[in-house]
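Participant: What follows is a single structure, and I will ask about it in a moment.
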Amino acid sequence: MRRFLFALAVSLAPLPAAQAQTPNTLLNVSYDIARELYVEINAAFAKSWKAKTGQDVTINQSHNGSSRQARAILEGLEADVVTFNQVTDVQVLYDKGKLIAADWQKRLPNNSSPYYSLPAFLVRAGNPKNIKDWDDLVKPGVQVIFPNPKTSGNARYTYLAAYAYAKAKYGSDDKADEFVKKLFANVPVFDTGGRAATTTFVERQTGDVLITFEAETNAIRDLAGKDKYQVVVPSQSLLAEFPVTVVDKYADKHGTRALATAYLEFLYSPEGQTVLARQYNRVNDKTIAAQFKDRFPDVKLVTVEEAFGGWDRVNREHLDAGAKLDRLFAARQN
Amino acid sequence: MRRRVIPGFGLALGTTVLYLAAIVLLPLSALLLKASGIGLSQLIDILSSPRTLSAIRVTVTMAFAATMFNAVYGLLLAWALARYDFPGKRLLDGLVDVPFALPTAVAGLALTALFAKNGWFGRPLEAIGIPVAYTPLGIAIAMAFTSIPFVVRTVQPVIEDLGSDVEEAGRSLGASDLQILRRVIFPAIFPAFLAGCSLAFARSLGEFGAVIFIAGNQPMRTEIVALLTFIRLEEYNYQGAAAIATVMLLMAFVMLVITNSVQAWHLRYLARGED
């Protein structure tokens, strides 16, 4: 008890500033399930930077739930760049801390998102419950695993994707509410992050279907074996953007702006896009996308803008304390 | 005045107060300051929302269940450790402290692996219709695990101090075993036992790491107060988090005041015994 409160209080108080870094070091603060991705990206970038400038660079990684990471930065973690899975978690760096420019989304192509993905399903081999689309998830007796939308950006996309699907198919907010209530009722565990949900599904053998980013579903299947799991991409899903930006305040303080900018631009280069696609992220570069076409089944993707009128409205109407998500959580059918 | 081993009342008290202020009071006042930013009506709204109430209910009832379990089992354990000699006693004695030393998240992961439906304990329990992982029962088990040392470690020294001569005295005066237990032993260890139980209860209320892995974290069903606080933080809702955390602080404080009064009572009881 006391320990928890202490930790809480400390996390509420501003942390002392970290030591200034030498300009050939970057800190990339990122979301939970991107560890393996950035290990590969960083190696490729360091090689290309060395070839170009002769300088050795070290990119340090920090991974955790994306909102928690944003909070850590607001409280003093001196990130040079952020690579998150949700626009709001970057936006908050401007809204609450003025650490980045207001127009950060315009600084790089595709709203500053070098790649995109979508919530997809992972089912056990042979697909015993015959899960093809969102409707199959609300059937009685189907156990669905995804993390808590309150603590995981990944799961917020899942919630919004399910909601958007139901609203498009059944036509009204009320029907969509019912649909999501039924979906929540089929969830036996709400873990706090994407990786914990993966553990619940894979290690604990709990649940019939795991919902997470398409990239993660493919990675798990490759890791655990194609004879154990298969990936199911639903007919419609939500476009998940992975926004990146230089954290101006700290990059300037560390003198790393040029390096940080080059690092993010590298994500858009053919080489960066290849690494991203190889790790099952969908990319915008046409040539690279064509090379990896087999990996990415066709799916109708709606955007948060189209389905919900933007992240501001999503936060206000769905995600804030006491808004729709809280009400649906509390009222879900048992 | 008799010379003290540690020099200077002024220095000793000064250090104590400074330390307590910097390490304990400062973070707590930061918490209260955050919470004080919200108005009373908003505070009541936050605390009386069904979600908060349900989290408080789940936390308190499961902490109570865990404490009840530890009360019985911890007392037995303390008794066995204090009164009997057997091979492996030192090892067992050391094992009691493991929940103190182990990171609670590790404990949570291990318990979940054991009690999940494909785990060693979970599989047979599931077969007879008692699912543990991802149910309130799992929360109670995690809390019982992390708080058992409190009961054992407060009661054990008292039993050791008690000595078996009082039992023999009772027996020589013709008391039955039950009478000795009820009239001689239990009154002597009761205050320490109560103090241990309330410490265990306070710890259970605040347990986070071990619980979130096994709880399932379902709002209105298996969501604990500490997680709800954490969730409010994830929403950048600092004040909501602080409001809920303040309630936990109050609950813990009340439990600790109770513990301290019980212990003070115990000391008076012992002093009376020496007259």
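Participant: For segment B:89-137, which fully contained helices (runs of 4 or more DSSP H) count at least 1 residues that are crowded, with 18+ Cβ neighbours inside 10 Å?
Facilitator: B:98-101, B:104-115, B:122-127
Participant: Filter segment B:235-247 down to the residues that are at the interface with chain A (Cβ under 7 Å from one of its Cβ atoms) and either assigned to a helix (DSSP H, G or I) or out of contact with any helix residue (DSSP H, G or I) (no Cβ under 8 Å at 6 or more places or on another chain) (or both) and list them by number.
Facilitator: Selection gives B:Asn237, B:Tyr238, B:Gly240, B:Ala245.
Participant: How many of the residues making up segment A:125-146 are in a loop (DSSP other than H, G, I, E, B) and not basic (Lys, Arg)?
Facilitator: 12
Participant: Confirm whether B:Ala101 is under 27 Å from A:Gln205 (Cα atoms), of a type in the set (A, V, I, L, M) and at pLDDT below 95.
Facilitator: Spelling it out, it is not the case that B:Ala101 is under 27 Å from A:Gln205 (Cα atoms), of a type in the set (A, V, I, L, M) and at pLDDT below 95.
Participant: Still on this structure, please answer the following. Looking at (1) of a type in the set (D, E, K, R); (2) modelled with pLDDT under 90; (3) surrounded by 24 or more Cβ atoms within 10 Å (Cβ to Cβ), which is the only condition B:Glu207 fails?
Facilitator: (2)
Participant: Here's something else I'd like to know. Looking at (1) within 14 Å of another protein chain (Cβ to nearest Cβ); (2) under 21 Å from A:Val231 (Cα atoms); (3) surrounded by fewer than 20 Cβ atoms within 10 Å (Cβ to Cβ), which one does A:Ala185 not meet, given that it meets all the others?
Facilitator: Checking A:Ala185 against (1) within 14 Å of another protein chain (Cβ to nearest Cβ); (2) under 21 Å from A:Val231 (Cα atoms); (3) surrounded by fewer than 20 Cβ atoms within 10 Å (Cβ to Cβ), the one that fails is (2).
Participant: Is it the case, given these coordinates, that B:Ser172 is open to solvent by less than 10 Å² (accessible area, probe 1.4 Å) and more than 8 Å from chain A (Cβ to nearest Cβ)? Walk me through how you get there before you give the answer.
Facilitator: Values: open to solvent by less than 10 Å² (accessible area, probe 1.4 Å): no; more than 8 Å from chain A (Cβ to nearest Cβ): yes.
No.
Participant: Based on what the data block shows, is B:Ile44 open to solvent by 90 Å² or more (accessible area, probe 1.4 Å) and in contact with a helix residue (DSSP H, G or I) (Cβ under 7 Å, 6 or more places away or on another chain)?
Facilitator: In short, no.
Participant: A further question follows. Filter segment A:49-66 down to residues that are open to solvent by less than 70 Å² (accessible area, probe 1.4 Å) and aliphatic (A, V, I, L, M) and give me whichever is nearest to the other protein chains (Cβ to nearest Cβ).
Facilitator: A:Ile59
Participant: Looking only at segment A:156-165, decide whether some residue is in contact with a Pro (Cβ under 9 Å, 6 or more places away or on another chain), more than 14 Å from every other protein chain (Cβ to nearest Cβ), open to solvent by less than 10 Å² (accessible area, probe 1.4 Å) and of a type in the set (Val, Ile, Thr).
Facilitator: yes
Participant: Shifting gears a bit: Is it true that B:Phe193 is surrounded by fewer than 24 Cβ atoms within 10 Å (Cβ to Cβ), on the phi < 0 side of the Ramachandran plot and without any contact (Cβ under 8 Å) to a residue 24 or more places away in the chain?
Facilitator: No, not satisfied.
Participant: So which residues in segment A:74-90 are within 11 Å of chain B (Cβ to nearest Cβ) and either in a loop (DSSP other than H, G, I, E, B) or under 18 Å from the mean Cα position of the chain (by Cα) (or both), if there are any at all?
Facilitator: Correct list: A:Glu75, A:Thr88, A:Asp89.
Participant: Looking at segment A:288-299, I want the residues that are touching a residue at least 40 places away in the same chain (Cβ under 8 Å) and over 19 Å from A:Leu267 (Cα atoms) and have a partner that is among the β-branched types (Val, Ile, Thr) and open to solvent by less than 40 Å² (accessible area, probe 1.4 Å) with Cβ atoms under 8 Å, at least 6 apart or on another chain. Which pairs are those?
Facilitator: A:Pro297/A:Val233; A:Val299/A:Val233
Participant: Please count how many residues of segment B:205-234 are within 15 Å of the chain's Cα centre (by Cα) and more than 7 Å from chain A (Cβ to nearest Cβ).
Facilitator: Qualifying residue count for the region: 4.
Participant: Got a number for residues in segment A:273-286 being part of a helix (DSSP H, G or I), more than 18 Å from the chain's Cα centre (by Cα) and either small (Gly, Ala, Ser) or at pLDDT below 95 (or both)? Steps first, answer last, please.
Facilitator: As a first pass, look at segment A:273-286 and keep what is part of a helix (DSSP H, G or I): A:273-278, A:286.
This time we only want the ones that are more than 18 Å from the chain's Cα centre (by Cα), so: A:274, A:286.
Cutting the leftovers down to either small (Gly, Ala, Ser) or at pLDDT below 95 (or both) gives us A:286.
Total meeting the criteria: 1.
Participant: Right, here's the next one. Would you confirm whether any residue within segment A:303-317 is open to solvent by 40 Å² or more (accessible area, probe 1.4 Å), over 30 Å from B:Ile46 (Cβ atoms) and away from every other protein chain (no Cβ under 14 Å)?
Facilitator: Looking for residues that are open to solvent by 40 Å² or more (accessible area, probe 1.4 Å), over 30 Å from B:Ile46 (Cβ atoms) and away from every other protein chain (no Cβ under 14 Å), one finds at least one in segment A:303-317, hence yes.
Participant: Here's a follow-up. From the list B:Ala192, B:Ala188, B:Ala140, which residue is out of contact with any Lys or Arg (no Cβ under 6 Å at 6 or more places or on another chain), part of a helix (DSSP H, G or I) and under 25 Å from B:Ala226 (Cβ atoms)?
Facilitator: Of B:Ala192, B:Ala188, B:Ala140, the one residue that is out of contact with any Lys or Arg (no Cβ under 6 Å at 6 or more places or on another chain), part of a helix (DSSP H, G or I) and under 25 Å from B:Ala226 (Cβ atoms) is B:Ala140.
Participant: Can you find a residue in segment B:91-106 that is of a type in the set (D, E, K, R), over 28 Å from B:Leu256 (Cα atoms) and without any contact (Cβ under 8 Å) to a residue 60 or more places away in the chain?
Facilitator: no
Participant: Go through segment B:1-41 residue by residue and tally those that are open to solvent by 90 Å² or more (accessible area, probe 1.4 Å), more than 30 Å from the chain's Cα centre (by Cα), at pLDDT 80 or above and more than 27 Å from B:Val247 (Cβ to Cβ).
Facilitator: 2
Participant: How many residues does segment B:22-51 contain that are closer than 21 Å to B:Ile231 by Cβ, more than 10 Å from chain A (Cβ to nearest Cβ) and assigned to a helix (DSSP H, G or I)?
Facilitator: 6
Residues are listed down the side, and each one gets a yes or a no for (1) at pLDDT below 95; (2) over 14 Å from A:Phe266 (Cα atoms); (3) assigned to a helix (DSSP H, G or I):
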position: A:Tyr38; (1), (2), (3): no, no, yes
position: A:Lys52; (1), (2), (3): yes, no, yes
position: A:Gln55; (1), (2), (3): yes, yes, no
position: A:Arg68; (1), (2), (3): yes, yes, yes
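Participant: Then there is this: Give segment B:108-121 a look and list any residue that's in contact with a Phe, Trp or Tyr (Cβ under 6 Å, 6 or more places away or on another chain) and either more than 9 Å from chain A (Cβ to nearest Cβ) or of a type in the set (Lys, Arg) (or both), or say none.
Facilitator: B:Gly108, B:Leu114, B:Phe115, B:Phe121
Participant: Sticking with this one: State whether the residues of segment B:182-199 include one that is under 24 Å from B:Pro99 (Cα atoms) and among the β-branched types (Val, Ile, Thr).
Facilitator: yes
Participant: Turning to a different aspect of this structure: Would you mind finding the one in B:Thr52, B:Thr67 that is surrounded by 13 or more Cβ atoms within 10 Å (Cβ to Cβ) and under 30 Å from B:Tyr236 (Cα atoms)?
Facilitator: B:Thr52
The values are calculated or read from the model by the stated rules, or taken from the named source; none is laboratory data. Predicted model only: the values in this text are computed from it and were never measured. Ideal geometry is used to build each Cβ from the backbone, glycine not excepted, and the neighbour counts take in all protein chains shown. In case anyone asks, the SASA skips ligands and DNA or RNA and just uses the protein heavy atoms, side chains included. Shrake-Rupley method; radii C 1.70, N 1.55, O 1.52, S 1.80 Å.
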